[in-house]
Structure formats: structure tokens, C-alpha cells
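Taking it in order: structure first as C-alpha cells, then the write-up.
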Amino acid sequence: MKERKLRMGMVGGGIGSFIGPIHRQAAMLDNHIELVCGCFSSHPEVSRRSGATYGLPENRVYDTYEEMFRQEMQLPADQRMEIVSIVTPNKYHIQPALMALDCGMHVVLDKPLTLTLEEARQLTRKVEETGLQMAVTYTYSAYPAVKEARARIARGELGKLRRLYVEYTQGWLSQRIGVQAGNLSLWRIDPELGGTGGGIADIGTHAFHLAEHVTGQCVTELCSEMSKFSPNIQVPDDGTAFLHFDGGMKGCLTATQIAKGDNNYIRIRVYGDKGGIDWLQPDPNKLILKGFNEHEQVICIGNDTNLSEIALWNTRTPGGHPEGYIEAFANIYRNFALTVLALQQGETPSPLMLDFPTVYDGLRGMQFIETMEASNLNTAAKWTKWIE
């Protein structure tokens with residue numbers, strides 16, 4: 001495949017952005033992408049200041065995303081942006097994504113996919129109609145150790161899967177400081193901007209995607225409870241669900257933003273009739289194997305030459321140097337970029353290149369949010385069939 005960089009624009013991600021700088025750094029980590037333009041904020045002066053900081057010429061920094069797409073399409077094909085990264089509050093995902101697809105541009109979109117399930121269905125149809133690529137940044141599935149866990153489960157090393165536990169706990173809403181003015185995450189608890197799912201939409205979807213990605217099984221029904229512990233907020237900050245999977249496995253998912261003292265504690269455990277696995281994001285390079293002998297076995301990413309091909313593909317650093325959050329983000333951007341480049345050159349992307357969350361993962365996430373809400377409203381606490 002001929003080496004060149006994809007030209008990327010951004011919607012959001014300006015100075016003061018919470019997650020935008022992570023996207024920008026991750027996109028360029030592997031030298032397959034260059035930032036050529038952007039509308040970096042809904043405030044034009046912030047967008048212009050951000051563009052100058054990022055080293056862009058003034059004429060490629062725009063006041064609105066609509067202007068960006070119109071003006072970029074007037075440029076010669078070998079100069080205009082080819083892909084766009086959208087890193088805005090959930091309410092502002094669908095319109096720039098639809099406009100990008102209509103312009104023939106591939107899209108990277110932050111999670112959750114959209115504000116509502118109906119919007120997610122609309123966006124999925126548009127991706128199918130255009131045949132373009134869309135990556136959704138469910139970051140935690142891109143850690144090498146998580147890839148190794150998925151590969152071992154797919155090979156049947158755990159046997160028939162029986163039980164799953166997945167948790168994502170934060171504490172930023174555990175005290176009043178979490179909702180003070182100036183907090184860059186306040187939009188996440190605004191139902192107009194972030195949706196009605198609250199913490200389930202924000203972090204619960206990460207836990208849900210991790211569960212399905214690692215096990216290869218899909219949730220078919222769930223029973224949930226969602227709560228509001230923080231004062232004066234309109235959306236849930238805590239949720240738990242019992243899960244039934246299509247392969248017969250049963251699971252428990254917890255996502256909370258009121259776990260005082262926790263930052264981003266993410267853990268997944270899966271047990272089959274032959275053994276189990278355990279992964280924690282605070283120690284991301286280690287995958288613990290359980291029940292295969294008298295002692296726990298620890299697989300260390302970077303040291304073990306017997307890792308699966310997919311884990312090795314997503315590993316950058318030598319043993320003892322942890323693969324971190326930006327690298328996991330970068331795995332998504334790299335695989336997405338290599339897929340787009342291969343398609344542009346008339347080549348078939350390899351399975352390794354195609355290993356990134358897609359619009360269908362985003363749609364599953366939106367189905368999860370709405371199924372959680374529907375089950376929570378069922379006061380009889382009955383199992384709620386999956387919302388299609």
C-alpha cells in the first residue's frame with residue numbers, strides 16, 4: 001500500500017476541550033493522518049485561536065462546521081479533507097456526521113453515537129447508503145491486553161462462557177465540586193446536550209461495549225436499576241444491570257459516577273467452565289488468567305512472544321512500558337486510517353486493519369441506553385427484551 005497521510009478535519013476539540021486534544025494527538029501518533037482544517041468550537045474566536053495554536057492557516061479554520069464542509073468541498077480533491085473527527089457533546093454528533101457522509105468523507109465519531117436511538121438508526125442507514133467508513137471511539141476495547149482476552153476467548157480457552165462482571169466507576173459527581181461552573185464535563189449531565197441516559201450513556205456504554213467485544217456474545221435482555229444520587233441533576237449518575245447473552249452467558253454491569261475516590265476504574269472478568277480472565281485498566285498491560293493451574297497466570301503485554309496476532313498488532317512499546325490511554329485511542333485511528341487508505345487504493349483491508357468499533361457498535365450502544373431506561377421504568381423489575 002502506497003504510503004501517504006490522510007487529510008483530517010475536526011469538529012470540536014479546540015482549546016479548553018475535555019477530550020479533543022486526546023483525539024488530535026492519537027490521530028497523528030502513527031503518522032497516517034495530518035490535521036488540515038477544523039471548526040474547533042461553537043465560539044468562532046475559540047476556533048480561530050485553536051487553529052492558530054495547531055499551526056493551521058487562517059483560511060482552513062472555520063467559524064461553523066457547515067462553512068467548513070462547504071468551503072472544503074470547493075478545494076481540489078488532493079487538498080480538501082478526506083476524513084473528519086467529531087468530538088462534540090452528543091447533541092451535535094448527527095448533523096456534522098450526516099453532512100460529512102453526504103460530502104463523501106469518512107468519519108470518526110466519539111461515543112455514544114448520537115443523542116437518541118432514532119438518530120443512531122438514521123446515521124447507520126446513511127453509512128450503509130454511502131458505503132463510507134465510520135469509527136466510534138470505544139477506547140477501552142483497543143488496549144492490547146483486551147485484544148488478547150478476546151482472542152483467547154474466541155479460541156475457546158475459557159470453554160463455555162458462564163459469567164461476566166464488568167464495571168466502570170468514577171467519583172466526579174460524588175460531591176458538589178463535580179457540578180460547579182467551569183467543569184468541562186457539565187454538558188454530560190445536561191439532558192439537552194448529553195441525552196437522558198446520564199452516566200449510562202457516558203460510561204455505561206463503554207462497559208457494555210467492552211463486555212460484548214471481549215466475549216463475542218450479544219446481550220439479548222437485561223434488568224436494570226438507574227439512580228440519581230447527586231443533588232440537583234436531571235439524569236442518572238448510577239446504574240446496574242443483570243445481563244443475558246445470546247451464548248447463554250449471564251453478566252452484571254455497573255456504571256457509576258458517585259464512587260468517591262475513583263477516577264476511571266474499569267474492570268472486566270469473564271469465567272467459563274475451563275477458566276477465567278481478569279483485566280483492570282489501572283494496570284493495563286496485564287491480563288490475569290485464572291483456574292488453569294494452581295496459581296494465577298499473568299500475561300504481560302510487550303514481554304510475551306506468544307501473544308495473539310491481534311494483540312501484537314496493537315502493541316507499540318517494549319515490555320515494562322505500559323500501553324496507555326492515548327495509544328488505545330491511536331489504535332482505533334490507525335486501523336481506521338489504514339482501512340480508508342487501502343480502500344482508496346483499490347485494496348482489500350486486512351482483518352487487522354478492520355479491527356475498530358463501527359457504526360454498528362455505536363448503534364448497539366444506543367440500544368443499550370434505551371433498553372436500560374425502559375427496564376428501569378418497569379416498576380415490576382421484569383426482564384426487558386432488547387430494543388431493536
Query raised in the report: Can you find even one residue in the stretch 354-372 that is farther than 23 Å from ILE22 by Cα and either small (Gly, Ala, Ser) or free of Cβ contacts under 8 Å to residues at least 12 places away in the same chain (or both)?
Result: no
Query raised in the report: If you check GLY346 against the conditions, is it at pLDDT below 95 and out of contact with any strand residue (DSSP E or B) (no Cβ under 6 Å at 6 or more places or on another chain)?
Result: no
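Could you please find all residues in the stretch 232-250 being surrounded by 15 or more Cβ atoms within 10 Å (Cβ to Cβ) and farther than 14 Å from LEU158 by Cβ?
Step one: filter the stretch 232-250 for residues surrounded by 15 or more Cβ atoms within 10 Å (Cβ to Cβ), giving 233, 235-245, 249.
Selection gives ILE233, VAL235, PRO236, ASP237, ASP238, GLY239, THR240, ALA241, PHE242, LEU243, HIS244.
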Query raised in the report: Across the stretch 317-352, what is the total count of residues that are among the charged types (D, E, K, R) and closer than 15 Å to THR137 by Cβ?
Result: 2
Report task. Determine, yes or no, whether ASN306 is more than 21 Å from the chain's Cα centre (by Cα) and either exposed (fewer than 14 other Cβ atoms within 10 Å of the Cβ) or in contact (Cβ under 8 Å) with a residue 40 or more places away in the chain (or both). Result -> yes
Report task. Could you check, for the stretch 288-299, whether at least one of its residues is over 18 Å from the mean Cα position of the chain (by Cα), buried (at least 18 other Cβ atoms within 10 Å of the Cβ) and in contact (Cβ under 8 Å) with a residue 12 or more places away in the chain? Result -> yes
Query raised in the report: List pairs: first in the stretch 39-51 and assigned by TED's automatic domain parsing to the domain that holds ALA100 and at pLDDT 95 or above, second surrounded by fewer than 19 Cβ atoms within 10 Å (Cβ to Cβ) and assigned to a helix (DSSP H, G or I), Cβ under 7 Å, 6+ apart or cross-chain?
Result: PHE40/VAL46
Query raised in the report: Given the structure, is LEU115 closer than 22 Å to HIS209 by Cβ and in a loop (DSSP other than H, G, I, E, B)?
Result: yes
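Answer yes or no as to whether ASP273 is outside the structural domain of ALA27 (by TED's automatic domain parsing), surrounded by fewer than 16 Cβ atoms within 10 Å (Cβ to Cβ), under 20 Å from the mean Cα position of the chain (by Cα) and of a type in the set (Asp, Glu). Give the derivation first.
Numbers: outside the structural domain of ALA27 (by TED's automatic domain parsing): yes; surrounded by fewer than 16 Cβ atoms within 10 Å (Cβ to Cβ): yes; under 20 Å from the mean Cα position of the chain (by Cα): no; of a type in the set (Asp, Glu): yes.
Taking the combined requirement at face value, the residue does not satisfy it.
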Query - Subset of the stretch 349-385 that is modelled with pLDDT under 95 and in contact with a Cys (Cβ under 8 Å, 6 or more places away or on another chain) - its residue that is nearest to GLY195 (Cα to Cα) - result: SER375
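The values are calculated or read from the model by the stated rules, or taken from the named source; none is laboratory data. Because the structure is a prediction, the values reported are computed rather than measured. Methodologically, a virtual Cβ is constructed for each residue, glycine included, from the backbone with ideal geometry; neighbour enumeration extends over all protein chains shown.
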